[in-house]
Structures are given as C-alpha cells and as structure tokens.
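Notes follow the structure.
The values are calculated or read from the model by the stated rules, or taken from the named source; none is laboratory data. Quick caveat: nothing in here was measured; it's all calculated off a predicted structure. With ideal geometry, Cβ positions are generated from the backbone for all residues, glycine too; neighbour counts draw on all protein chains shown.
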Amino acid sequence: MMAQGCIANCRNYIDKITSHKSLSKDANVGKVMLLDGYTTQVLANVYSQTQILEKEFYLVEQLGATHATMPHLKAAIFVRPTQTNIDLLVRELADPKFKEYHLFFSNVLRAEMLRSLADADEHEVVKQVHEFYGDFIAVNEDLFTLNMDQSLLLTKSATTAECAPMLTQSVQGVLSVLLSMKVEPSQIRFQGRSPVAHRVAMDVHKAIQEDGIYNFTRQEGPMLLILDRMDDPVTPLLSQWTYQAMVHELLGLNRNRVVLKGAPGVREDLEEVVLSSTQDSFFGDHRHSNYGDLGGAIKDLLDTYQRQTKINENISSVEDMQAFMERYPAFRSQSHNVSKHVALMSELSRLVEQCKLMDVSQLEQELACNDEHAIQHRELLDKIRGSEIKSADKLRLGLLYALRYEGTADMEALKQELLNGGVPQQKTALVDLILHHCGKAKRAPGLFGDGSFMSRMAKNLHTGLAGVENVYTQHVPLLINTLDSALKGKLREASFPGVGPIPTAPPKTIVVFVVGGVTYEEGTKVAELNSSGYKVLLGGNTVHNSNTFLAELQSM
C-alpha cells in the first residue's frame, strides 16, 4: 500500500463508499452523503464535486443539518467516530429523515459507541456499519496532514486538558494512516528530548498492543518515527522557491484553495482558484518545480493552449463544428487551467519583486547554513534599517539571526533595531518567544550542525566538490538529515529511543509524523528522497508557512 501513496489509499476508501453495492441506485430512490467538517476536507482533497455527482449523489451536506423528511433518499454517512458525531447520529436515528442509513467511520469505532447506535436504531434503518480508515487529509502521495490549528501547543505541554483532544486526534491520525497502509510498525522511534513525541509514540504503541486489528504479518512493517516541530524552527521561517511551497508562503494554500482577490489584474472568475494535485495534472507534475523551471513550464502550457486555439479557429464545415463541440468542455477547462496558472505565476512574480524576496532569501539561506557572524550582522542591519524590505520579512531575518547566534548576539539590541525598522512591538516579542520555546536549551542538537572544525571542513569540502546548485535552496531541513541516518540504520538510540525492540537492519519504509506540523519544503525534500528509490511518508498536525508558524508561536 505504501507504493501507491496516501492519496490513493484515501481515494480507495471514498470509492468503496460511493460505489458500494448496497447504495446502488434503485428506481425512484436517490442518494445523499452526510459528512462532518473534517471528513468534508478528506473528501475534497481526493474527489471533486463533479466526481461526486457522477456517482449520483445529488446532495452532500453536514451531519445534523435540519431539513424535511426525504424518504426517497438513501444516506451514506462518512464521519469521524467522535462522541459529538455519535450523539448527532443517535438523534438522527430517533427521527429518521432518510429511507436508509449506511454508516462509514473514518477510524476505529469503540464498542460502546456501536452499542449506542444499535440501541438508537429502533426504526431499523441502519443497513451497514463500516470502518474505512481515512482519518487524515492526503495532500501529496507522500504527504498528509491532520489540518489541526494551534498544534504547536502540544509541543509545550501535551498533558493539559486543553491539549487532550489534540493529542487524541494526533494519535488517531497516525493509527489511521497505518491502517490505510495495512501495516504494523516494525519499530517505533521518537525524539528523545521531546515529551510530546514520547507521549504520542507510547499512545500509538499502546493502541496497537491492545487491538489485534493492527496485526499485519504479510510484510515487514515500517519504522514509525515521531518528531517535534520545535527541534527545527528554521525551516518554517524560510522563503520558498518551489511551486506548492511558494503559493502557500506568499498567497496561502488552504484546503486546496488559493485566494487571488485583490491581486492586480485578476479576473473575477480567478479570485479564488482550486490548486489540487488530484484535480490538476499540471500542478501535480510541477508542484515541486523550482521558480525558474516553473516559468518555462507555464510558458509551454500557454504555447500548447494557443496552438489548440488556432485549431479551433479553423472551423469551415459542419463536421468541424461537431468536432469542436465534442472537445469544447475539455477546451474550456483547459482555458481556465491555463489562465489560473498564468495568474498565479504573475502574482508570485509580482510579490517576489515587490518584497525583494531574492535579496531576503539569500541572507536567510546564509543565516540558516553558514556561521559568519560579523558579515551576517552587517547585512542584517542593512536590511532592517532599509525601507525596501517588508516588516514581516525583517522579522523573519531577525528570528533566524537570533536562533543562529543565541548566546553571542545582543538580543535587546536586535529587538530595538526591529522596532526602529517598523516591526510592531508585539511582533518583536517573538524573538524572546522563539528562543524560549525553540532555543538551544529546549531543542535537540543538530539544527545548525555540531559546529566542530571537522563538521565545517566536511561541509566546505562537499560544497567545493559539488558546488552550490542554487544560493536560494542551500538549506536542508533537519528532518532530512534525521531520515538519512534512519534509512542507513544509523539513528542513534540515545537520541531517538524506541518503544519496544529495535531491529538491527535498516528500515525499508519510514512513516514520520511531526508533532506541531510540517512544511512544504520538507514535503518536497521527502519527494526527492522517494524519487531516488526510498519509501518515506511524511505527515504532521498541519502544514505551516511562516505566518501560521509565528501566529501559533505567539499564542503559546
């Protein structure tokens, strides 16, 4: 199941629901699908509205919505097995609005919940109950999210009442991914200095031990690796230069939608666009393309469309007209898709130029990758004191500098410079916050390398031999170094303990979950690993950009 990826696994479950033989169309009986807020996102990431209609579902709505009785419809219900949803179902079954109910839960349904439903079904309208393990949102084939807000709070304290529901959902999400892959981990490892990573690992292990449903013996299971976002606060702060990551950083990519409203010259029909790898083959092919290659790819897309336009202009007979009408829906869809990507590229280019992001990114990369305090301090002050750089970008540079030179730099002077440079006072407080939550005393070692003479020599030798491919993409997330060690069987047990026995052989497959969220940069690097023959699936509570990361950090 790992080979086909989490999008395919998730879509497979939706296919089973929408095509279930018990829901096949009867004469004069239609179909409705009821979802909760979360499974609506699960569905939307792998199915379009058109595809749902093609399956003859004429109504899709939220469980608990009020409406008149509809005895001519069968209801397929796909929801998370939460107490809230069980209570809604009990009320629904007490006064049924539909002819039949077919229940599909996105995770393991507890026995007492099943008994509640059985007791409530006095009208005997429930025809089937299934568990289909889609309790996660598939973003890419090798990237999933749980779309949870404020998940950085878990890294501060997972034991508070406020965090208990988030901890439970994190564990359930990981278990759902494992069940969708039909695998049981061969080992569970976690970041040893992170209490929340330890807690998630222990809770996952306990659930697997207590329920035989996780016992798959057909193949060697993956390593499950639980990490903590706070061990790498650098990656979420960096400017991005690949398509998917750039869109998320500069425009926001939320639930497969990008808002372009207010961007100069954008048509009304492009003010909000869908950007999904499952519904847009161009985006699927180029989501990991860098900024330079992307411009060429969009130009090729436009050239192909213009050639098609010329063919359509040559209509000189009834046969030509008929052929045009047959391909018109596809042509119209292609027209919108081309316009969408041209509009996105135009807005990205405008923001890169307006915000001087190439200048900003070059210093970001230097701060992330190299230890040259005097030079970087001078460049940082030039940027902060200048008028061309946006205050949000000045702040990101200041935070990267604070993380790099914690213990040697004057943080009070840095905050004053940011304040003088136009950064609001409540934002300058993030300097202290990021060091408090992600500083040397809190995070695991390795973020900036070990700083030894041999480490610097090895880095310089590698750079001298290979060259720096791109000054804007020198940075390698800490996650990738950790995965490299894990895939080679060199993950140190002292730093990454195991829950249960640890096999001596390197794992063939790794499922890694980052408590507090992942980034699209990390997603791109994992995709590159997988294209080299490895098998890694990455997930987290959310997918951060710098805005979401700092907003959650500030609310801690």
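Taking the conditions exactly as written (at pLDDT 90 or above and exposed (fewer than 13 other Cβ atoms within 10 Å of the Cβ)), does Glu313 satisfy them or not? Write out each step before concluding.
Details: at pLDDT 90 or above: no; exposed (fewer than 13 other Cβ atoms within 10 Å of the Cβ): yes.
Considered against the rule, which asks whether it is at pLDDT 90 or above and exposed (fewer than 13 other Cβ atoms within 10 Å of the Cβ), Glu313 comes out as no.
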Sort out which residues of the stretch 63-72 are in a loop (DSSP other than H, G, I, E, B) and among the aliphatic types (A, V, I, L, M), and write them in order of number. Leu63, Ala65, Ala68
Which residue, of Met230, Met246, is buried (at least 23 other Cβ atoms within 10 Å of the Cβ) and more than 28 Å from Phe283 (Cα to Cα)? Met230
Only one of Leu154, Leu167 that is crowded, with 19+ Cβ neighbours inside 10 Å and either touching a Lys or Arg at 6+ places or on another chain (Cβ under 6 Å) or touching a residue at least 60 places away in the same chain (Cβ under 8 Å) (or both): Leu154
Over 12 Å from the mean Cα position of the chain (by Cα) and either part of a helix (DSSP H, G or I) or within 16 Å of Ala138 (Cβ to Cβ) (or both): is that true of Glu522 in this structure? no
Does the stretch 117-127 contain at least one residue that is touching a residue at least 60 places away in the same chain (Cβ under 8 Å) and surrounded by fewer than 19 Cβ atoms within 10 Å (Cβ to Cβ)? yes
Do you know which residues across the stretch 513-536 are buried (at least 24 other Cβ atoms within 10 Å of the Cβ) and more than 26 Å from Leu357 (Cβ to Cβ)? Phe513, Val515, Val536
Please pick out the residue among Val32, Val60 that is modelled with pLDDT of 90 or more, touching a Lys or Arg at 6+ places or on another chain (Cβ under 8 Å) and not in a helix (DSSP H, G or I). Val32
Please verify whether the stretch 66-80 includes one or more residues that are of a type in the set (Lys, Arg) and out of contact with any Asp or Glu (no Cβ under 8 Å at 6 or more places or on another chain). no
Ser346: part of a helix (DSSP H, G or I) and buried (at least 17 other Cβ atoms within 10 Å of the Cβ), yes or no? no
